[in-house]
Amino acid sequence: MGFVSRDEAHILYNTALKFQGKKALEIGCWMGWSACHLALGGVELDVIDPMLSEQLFYESVTDSLKQAGVKESVNLIPGYSPQTVAETANKLHRKWSLIFIDGHHEAPAPLDDAIICEQFAEADALILFHDLTAPDVGKGLDYLKAKGWQTMVYQTMQIMGVAWRGNVEPVIHQPDNTINWRLPPHLQSYNVSGVTQTKTTDKFSVLLQIIQPYTLLSETKLFSLYSQAQQVYDYLFWLPKILKQTLSRIKIFSS
């Protein structure tokens, strides 16, 4: 997991443009890079992060917002989600049209964030997730999908996700076509923005023509086996990345 890339910042900014003048919420701002891009899009932004209780951190984020010329449209709130989300919504009589979830990435935090944000989202609302490479973050998007929200993922460096309902539309993003992108197994069921979802079916059709004359298995069974083999391949592809992330976290906590 890492910082919001320039590509991902473009998604945040262009999404915020669709919600100019409306209330927005960010969970987890770190140094304010994402908050600046959201606020520059014209939303009135509430930002919740426990690190904002640290004076030096708060001053650094505030300075960044001032340099971007958006400090007056951003409300910095020290605290932890989901408790502070509910407290802020109740205290300020708030509902949000745009929400960006980029808080704690380990269970049950992402799911808890999604649950509380849905409660205080407007009828016409859009929720963005960052760092969907982490399976626990994916559970937040899974929850909204199960609740009837429309969903999609953005194939970016950290992988972003979007859920929306009502009279709103997500921005369309074209993944860098010079990169051989792969979705981790926990996101295989999601459509990718800017990508036609035909490759898996086309590859299977070619294999089916070759294999079917030599087997008594049904097409359904063959596709099931093909999908399982593809999933194992994807796990093997992502395993080194997952191990690298885990080792990095261990080094951070031990230092």
*asked:* What FRET efficiency comes out for Ser73 versus Leu239 if R0 is 30 angstrom and r is the Cβ-Cβ distance? Round to the nearest 0.05.
replied: 0.10
*For the chain, report the accessible area per residue in Å² (1.4 Å probe, heavy atoms, rounded to an integer).*
55 Å²
*For the range 1-113, with the dipole built from +1 on Lys and Arg beta-carbon atoms and -1 on Asp and Glu ones, taken about the Cα centre, which of Ser53, Gly79, Phe100 lies farthest toward the positive end?*
Phe100
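Which value, in debye to the nearest 20, gives the size of the charge dipole of the range 46-99 about its Cα centre, when Lys and Arg are +1 and Asp and Glu are -1 at the Cβ?
Values: 5 positive and 7 negative charges, 55 e Å.
The calculated dipole for the range 46-99 is roughly 260 debye.
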*So who's got an amide H within less than 5 Å of the one on Gln150, skipping anything under 5 residues away but keeping other chains? H placed 1.01 Å off N, in plane.*
Trp164
*Two decimals is fine: what is log10 I(q)/I(0) at q = 0.23, 0.30 Å⁻¹ for the range 119-172, from a Debye sum with one equal scatterer on every Cα and no solvent?*
-0.86, -1.26
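Expected output is a single nm value to one decimal: the length gained when fully extending between Asn191 and Ile179, i.e. 0.36 nm times separation in residues minus the C-alpha distance. What is it?
Numbers: separation 12, 0.36 × 12 = 4.32 nm, distance 1.77 nm.
Value of the extension gain: 2.5 nm.
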*Which of the following values of semi-axes √(5λ) of the Cα gyration tensor in Å was calculated from the structure shown: (1) 37, 20, 17; (2) 31, 24, 18; (3) 53, 19, 12?*
(1)
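How much length is gained if the chain between Leu247 and Leu225 is pulled fully straight, taking 0.36 nm per residue apart and subtracting their Cα-Cα distance, in nm to one decimal?
Working: separation 22, 0.36 × 22 = 7.92 nm, distance 3.28 nm.
In short, 4.6 nm is gained.
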*asked:* What is the angle, in °, between the Cα long axis of helix 109-119 and the longest principal axis of the Cα atoms in the chain? Nearest 10 is fine, range 0 to 90.
replied: 70 degrees
*Taking amide hydrogens as modeled 1.01 Å from N in the peptide plane, which residues meet the under 5 Å criterion relative to His105, leaving out close sequence neighbours?*
none
*Amide H to amide H under 5 Å from Glu122: which residues, 5+ apart in sequence or cross-chain, H placed 1.01 Å off N in plane?*
Trp96, Ser97
*Obtain the nm distance between the two label points defined at Trp30 and Thr215 by a simple spin-label model: each point lies 7 Å from its Cα along the Cα-to-C-beta direction.*
4.3 nm
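Estimate the FRET efficiency between Glu87 and Leu208 by the formula 1/(1 + (r/R0)^6), using the beta-carbon distance for r and 35 Å for R0, to the nearest 0.05. Before the final figure, lay out each step's value.
On the way: r = 56 Å, r/R0 = 1.59.
Given R0 = 35 Å and the Cβ-Cβ separation, E is 0.05.
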*Using only the Cα atoms, work out Rg/Rh for the range 67-152, with Rh taken as the Kirkwood radius, to two decimals.*
0.97
*State the extension gain, in nm to one decimal, for the chain segment bounded by Phe3 and Lys95, taking 0.36 nm per residue of separation less the distance between their alpha-carbons.*
30.4 nm
*Anyone know which of Lys23, Lys66, Lys139 comes out most mobile in the 10 Å Cα GNM of the chain?*
Lys66
*Roughly how many percent of the accessible protein surface of the range 85-223 is carbon and sulfur, given a 1.4 Å probe and a whole-percent answer?*
53 percent
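The values are calculated or read from the model by the stated rules, or taken from the named source; none is laboratory data. From a predicted model like this one, the values you see are computed outputs, not experimental measurements. In this analysis, Cβ positions are derived from the backbone assuming ideal geometry, glycine residues included, and neighbour counts consider all displayed protein chains. Note: accessible area is taken over every heavy atom of the protein model, side chains too, but ligands, DNA and RNA are not part of it. Shrake-Rupley method; radii C 1.70, N 1.55, O 1.52, S 1.80 Å.
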